[in-house]
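The values are calculated or read from the model by the stated rules, or taken from the named source; none is laboratory data. All values derive from a computational prediction rather than experimental measurement. Here Cβ is always computed from backbone atoms with ideal geometry, including for glycine, and neighbour counts include all displayed protein chains. Each accessible area value is taken on the protein alone, full model and side chains, heavy atoms only, with ligands, DNA and RNA left out. Shrake-Rupley method; radii C 1.70, N 1.55, O 1.52, S 1.80 Å.
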Amino acid sequence: MWAFPSRCWRRRQALAPWATGAKRRGLPRCRPSLRRTAASESWALTRLYSSADRKEKIDMSRFPVENIRNFSIIAHVDHGKSTLADRLLELTGTIDKTKNNKQVLDKLQVERERGITVKAQTASLFYNCEGKQYLFNLIDTPGHVDFNYEVSRSLSACQGVLLVVDANEGIQAQTVANFFLAFEAQLSVIPVINKIDLKNADPERVEKQIEKVFDIPRDECIKISAKLGTNVESVLQAVIERIPPPKVHRQNPLKALVFDSTFDQYRGVIANVALFDGVVSKGDKIVFAHTQKTYDVNEVGVLNPNEQPTHKLYAGQVGYLIAGMKDVTEAQIGDTLYLHKQPVEPLPGFKSAKPMVFAGMYPIDQSEYNNLKSAVEKLTLNDPSVTVHRDSSLALGAGWRLGFLGLLHMEVFNQRLEQEYNASVILTTPTVPFKAVLSSAKLIKEYREKEITIINPAQFPDKSKVTEYLEPLVLGTIITPDEYTGKIMMLCEARRAIQKSMMFIDQNRVMLKYLFPLSEIVVDFYDSLKSLSSGYASFDYEDAGYQTAELVKMDILLNGSIVEELVTVVHKDKAHIVGKAICERLKDCLPRQLFEIAIQAAIGSKIIARETYLFCVFLNTQKIRHIVELGTSVKAYRKNVLAKCYGGDITRKMKLLRRQAEGKKKLRKVGNVEVPKDAFIKVLKKSDK
C-alpha cells in the first residue's frame, strides 16, 4: 500500500477495508482503480476455469464391450508407425487435419529431435461405422530393439496389432521380433504394407515375404500410403472386423492393470490403466495389490490424445487415473488395482526387463547429487526397464550403476535427464553383466550363492577364487541384401560369432542368425554393420543365456598405481587391442607433469600395453624443440638447467643434467598422479568408431 500524508488520515481510514479485503482475496494492495482491474481479471480467469470444469464429460457407458477395439501399431524403425497413427487420428476426427500433423503422439523432445519413438503413447479414438459408435484404444510403440520392453508392455493392454512393413525395404529384423511378440501374446495380426507411393515400392514382393516368413495369406495384407492417406480408411474397417473385443465383465469387482505411468510435478503420479473387470470413478477408494496402499481417486479419463476427464472408466477400456500419489515408488508398473474391501486375484503383471548394458552415472558436481537422485527416480518411473544400484568412486564421488537394454537406450536416458530435468552427468564406459562360478565353500557362504553376477568390473573376482567365468550371449538376426552377405559374415566371425542359420526370404534378401557374445556387439557393431551394407542391413537380438569364456580383468596403472575407474573386463584374445586403445586415450587427456609418467595396461602382474610421457629440453627460453620423440606423446614440463652455460667444458653440462635426472627420479617416487575429472570424462567415453 502506498504512503499517505499524515493529514489525509480520513482518506486512509476510508481505504483500509479495500486493502484488508484485497489481502484476504489474494489481490494486489494498490489503488482502488487498479484493484478493480485485478479483481475483474481474477474473475475472468475463475470463469474460464469453471467453464472448463463445467464442460460436459464424455459418457463412457455408451460404448458397450462389443464396440471396443484395443490395438497397437508395431513395426521396424522408420516404417511409418507414427505417420499411420497421425492419419488414424485425423480420420476419426480426434485432431484437425493440417499439414503440421507430424509425430503427434511423439511428445518428448528427444523423439522429435531423433525422429524415432522411444516411449509408447496411448490415444482413444471415437469412430462411427454403419450407425455404430466404436471406441478404439490405439497404442503407438517404439521400433528400435532397445525399447522392446515398451512394446511388450503395450501388448498386454491389446487384443490385436497392426504390423506395418515398408513397401520399399520389406521385412526387417525388428519386424520379425515384434511379430513373434504379438504371436506369443495370442493377438490378432493385421499386416499393413506402407509407403506404396514411393518410386521403388514393390508391395507384391513384400506380400510374398510376409506369406513366407509369417505364414499370413497375401490377401490379408492392406496396402496403404500413410503419408498421403491412401486407403487408410480400410485399416479402420479391418480393425473392426479382424480384432476381437476384449473379454471382460463389468459386473465383477474392479480389476485394472497399470501398464505405464508418468510423473506430474503438481498432480503426482498419473497411471495408465487397462480395465479387465468392473468400473472405476472419481471418489472411489482403490488399493494397489503390490504395496497394499489405499488412495482416493481424484480423476479418471481417456487420452484423446490429450487428457480428457470422464465420469467413469468401464471394463475393456484404457485410460488414465490420478489418485494423489506423490512418491514415485508408489505406482509400480505391472501392479493390479482393485476397490477397497473388494480384493481380487492380482494379474500376472510383466516379466521384469533384463538389462544388457551397465554404466556408471555420477553428477559432475557432488552438490547436485540429491537433485540428480530425484530426477533419476522420476525418470525410472516413466521407464521401468532401467535398473538402479548405488555406487561410489574415489575420483567421481557418489553415484549409481544403471542397467539399460542397449546403447541407444542409455543415450536416450541421458538426453532425457538433460532436457527434462536439466541434469548434467558423467557416464562411464558401458559394460555387460558377467558371471563367475565360485570355487570354495567359504566363498559360497560369504556371497550366499555359488554363481555371482558382476556388473562392476572393479569387483571382478580373481581367477584363483572361481571355477569358470561366464559371459552373456545374444541370438542376433541380420536381414540384408545378398550382395553384402560375404562382408557381413566376415564381420560376425571377427566378433567371435557362431552362425546358426541362413535363409533367403526372397530372391534378393537373406536372413542370417548368429550367436554373439554381448560384449562384442554392445558398442560399435551396429555402426559397422550399417557401414558395410551401405545402410541396408538391419539387426535385432534377444537374450540367449551364458557361456563359458576366457575373461580377464584388465587394470590401468599410472606409475604403478591402479586407477579403479578404468578397470575393464575383456576377453583374453582382445586384451592387447583394448588396453592399447585406453592407454592412448588417457595419454592424450592427462595434463603434463614435472616427471615422467608410465601409463600401463596390466593383467595381473603382466604388462600388455604401455604409453609414456616423454621429456623435452628447453634449448632457449622461448621455444621447445624435440630431441627424442617416440610415437605421439604429451610433453612433460622441464627446467632448462643448461641455460646458464654459455660455454666451458662438456663435463659441466653433463653434471647438471645428471643431477636433474636424479631429482626427477626422486620426485617420481614421491609424486602422486591425480587424474582430473575432465580427463575421466574424455577417457570414459566410448572409443571412436
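Observations, loosely collected:
- Of all the residues in segment 218-230, those that are assigned to a loop (DSSP other than H, G, I, E, B), within 28 Å of G316 (Cα to Cα) and open to solvent by 20 Å² or more (accessible area, probe 1.4 Å) number 0.
- Residues of segment 167-183 that are in a strand (DSSP E or B) and open to solvent by 40 Å² or more (accessible area, probe 1.4 Å): none at all.
- Test: residue in segment 436-458 that is at pLDDT 85 or above and aromatic (F, W, Y): no
- Segment 242-266 residues that are within 23 Å of V161 (Cα to Cα) and in a loop (DSSP other than H, G, I, E, B), paired with ones that are open to solvent by 40 Å² or more (accessible area, probe 1.4 Å) and among the hydrophobic types (A, V, I, L, M, F, W, C) (beta carbon under 7 Å, 6 or more apart): V248/F276
- Within segment 62-100, considering residues that are open to solvent by 40 Å² or more (accessible area, probe 1.4 Å) and in contact (Cβ under 8 Å) with a residue 40 or more places away in the chain, the one nearest to Q186 (Cα to Cα): E66
Yes/no matrix, rows are residues, columns are (1) within 23 Å of E220 (Cα to Cα); (2) over 15 Å from the mean Cα position of the chain (by Cα):
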residue	(1), (2)
E111	no, no
G115	no, no
T122	no, yes
C129	yes, yes
Q133	no, yes
L155	yes, yes
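- Scope segment 268-288; condition within 32 Å of the chain's Cα centre (by Cα) and among the small types (G, A, S); matching residues: G268, A271, A274
- For I478, the conditions (1) open to solvent by 50 Å² or more (accessible area, probe 1.4 Å); (2) under 28 Å from E113 (Cα atoms); (3) at pLDDT 90 or above all hold with the exception of (1).
- Residue selected from segment 336-377 under the condition of a type in the set (F, W, Y) and touching a Ser or Thr at 6+ places or on another chain (Cβ under 9 Å), by the criterion nearest to Q251 (Cα to Cα): F350
- H311 meets the stated requirement of being closer than 26 Å to C129 by Cβ and open to solvent by 40 Å² or more (accessible area, probe 1.4 Å).
- Evaluation of Q237 against (1) over 23 Å from V104 (Cα atoms); (2) more than 34 Å from the chain's Cα centre (by Cα) (one fails), failing number: (1)
- Considering each residue of segment 470-487 in turn, none proves to be part of a helix (DSSP H, G or I), without any contact (Cβ under 8 Å) to a residue 40 or more places away in the chain and basic (K, R).
- Residues located in segment 184-217, provided they are part of a helix (DSSP H, G or I) and loosely packed, with under 14 Cβ neighbours inside 10 Å: E184, E204
- Entirely in segment 511-609, the helices (runs of 4 or more DSSP H) that have 3 or more residues that are out of contact with any Cys (no Cβ under 8 Å at 6 or more places or on another chain), on the phi < 0 side of the Ramachandran plot and open to solvent by 40 Å² or more (accessible area, probe 1.4 Å): 525-532, 575-589
- Hits in segment 393-433 - residues which are in a helix (DSSP H, G or I), aromatic (F, W, Y) and touching a residue at least 40 places away in the same chain (Cβ under 8 Å): Y421
- Scope segment 435-462; condition open to solvent by 60 Å² or more (accessible area, probe 1.4 Å), in a helix (DSSP H, G or I) and not hydrophobic (A, V, I, L, M, F, W, C); matching residues: K442, K445, E446, Y447, Q459
- Residue check, N70 modelled with pLDDT of 90 or more and either on the phi < 0 side of the Ramachandran plot or not in a helix (DSSP H, G or I) (or both): yes
- Against the test of being outside any helix (DSSP H, G or I), within 25 Å of D264 (Cα to Cα) and of a type in the set (A, V, I, L, M), the options L337, L372 yield a single qualifying residue, L337.
- For segment 488-505, a residue qualifies if it is assigned to a loop (DSSP other than H, G, I, E, B) and over 23 Å from V357 (Cβ atoms), and exactly one does: I505.
- Of the candidates I210, I193, I222, I243, the single residue that is out of contact with any Cys (no Cβ under 9 Å at 6 or more places or on another chain) and not aromatic (F, W, Y) is I222.
- Among residues of segment 295-334, those that are in a strand (DSSP E or B), out of contact with any helix residue (DSSP H, G or I) (no Cβ under 7 Å at 6 or more places or on another chain) and of a type in the set (S, T, N, Q), counted: 1
- The test for being surrounded by fewer than 20 Cβ atoms within 10 Å (Cβ to Cβ), of a type in the set (S, T, N, Q) and closer than 19 Å to H79 by Cα holds for Q103.
- Positions within segment 126-166 being in a strand (DSSP E or B) and open to solvent by 10 Å² or more (accessible area, probe 1.4 Å), in sequence order: F126, Y127, N128, C129, K132, Q133, Y134
- On the stretch given as segment 408-429, residues that are closer than 19 Å to G143 by Cα and buried (at least 21 other Cβ atoms within 10 Å of the Cβ) total 5.
- The condition of being touching an Asp or Glu at 6+ places or on another chain (Cβ under 6 Å), more than 30 Å from I608 (Cα to Cα) and not basic (K, R) holds for only one of L475, L512, that being L475.
- Some residue of segment 321-340 being closer than 30 Å to N67 by Cβ, open to solvent by less than 30 Å² (accessible area, probe 1.4 Å) and modelled with pLDDT under 80: yes
- Residue in segment 210-225 that is polar (S, T, N, Q), touching a residue at least 24 places away in the same chain (Cβ under 8 Å) and touching a Gly at 6+ places or on another chain (Cβ under 6 Å) present: no
- Number of the exception - Q109 against (1) within 28 Å of K354 (Cα to Cα); (2) of a type in the set (S, T, N, Q); (3) crowded, with 23+ Cβ neighbours inside 10 Å: (3)
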